[in-house]
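The block underneath contains the structure these notes are about, expressed in structure tokens.
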């Protein structure tokens with residue numbers, strides 16, 4: 001019987017080496033981007049109605065219906081920015097209205113900043129009807145602090161009255177990014193699918 005030698009040597013050509021190298025480079029680049037993204041941005045699930053109509057909040061953290069946005073840890077907050085604030089026992093998502101040194105006043109829902117009326121297109125008249133809650137005498141924000149309110153002025157616990165008062169800037173966890181507001185619907189649909197819809201299909205409990 002004739003025996004033929006068996007060649008166990010695995011042969012690679014230049015093209016296969018090139019493709020393998022490209023694949024490794026792409027995988028490394030994608031991993032680096034993911035790590036960098038997670039270092040810069042934090043995903044936020046909106047709960048409650050204090051930012052209505054700008055943001056839709058879920059009834060509770062374990063129920064669907066809220067918007068998803070991303071905050072950046074390293075953006076310096078400006079007037080008008082939506083931010084997440086560490087209030088100790090909870091996190092608040094509100095809008096920065098005034099910074100240190102600013103004089104602020106609210107008169108029947110009309111905002112005065114340093115003596116000038118501020119137009120607030122993000123506040124709907126239907127959410128700004130409570131005269132008592134939406135009126136206070138002029139105050140000056142201390143340096144290093146921020147004055148914040150929810151866009152739903154009738155139903156927001158914020159810097160007004162006996163709620164939280166002004167907060168140190170250091171308590172701001174991050175600023176909501178412009179791109180996550182611009183693509184809010186797509187981001188929300190994507191995250192809602194994986195956090196709520198998909199687990200429900202497999203009978204799993206949701207945790208956000």
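By how many nm would the segment from residue 72 to residue 43 grow when fully extended, if each residue of separation counts as 0.36 nm and the alpha-carbon distance is taken off?
The span from residue 72 to residue 43 would gain 9.5 nm if fully extended.
Label-to-label distance, residue 114 versus residue 197, with points set 7 angstrom from Cα along the beta-carbon direction: 4.6 nm.
For a test of the definition: using alpha carbon positions, the gyration tensor, and the 1.5 limit on a/c, classify segment 65-132 as rounded, prolate or oblate. The shape class here is oblate.
Taking the chain as the reference, fit the longest principal axis to its C-alpha atoms, fit the long axis of helix 14-40 to the helix C-alpha atoms, and give the angle between the two in degrees, 0 to 90, nearest 10. Once rounded, one gets 20 degrees. When the alpha carbon gyration tensor of segment 150-208 is reduced to an equivalent ellipsoid, its three semi-axes come out at 32, 16, 12 angstrom, largest first. Quick note on segment 24-69: its Rg to Rh ratio, both from C-alpha atoms and Rh being the Kirkwood radius, is 1.25. Expressed to the nearest 5 percent, the antiparallel share of DSSP beta bridges inside the chain is 95 percent.
Sorting 101-108, 118-125 by average packing, meaning the other beta carbons within 10 Å per residue, from highest down gives 101-108, 118-125. Projecting the alpha carbon convex hull of the chain along each direction and taking the average yields 19.9 nm².
Bear in mind these aren't lab numbers, they're just calculated from the coordinates by the rules spelled out. Source: prediction; values computed, not measured. Don't worry about glycine lacking a Cβ; one is built from the backbone with ideal geometry, like all the others, and counts go over all protein chains shown.
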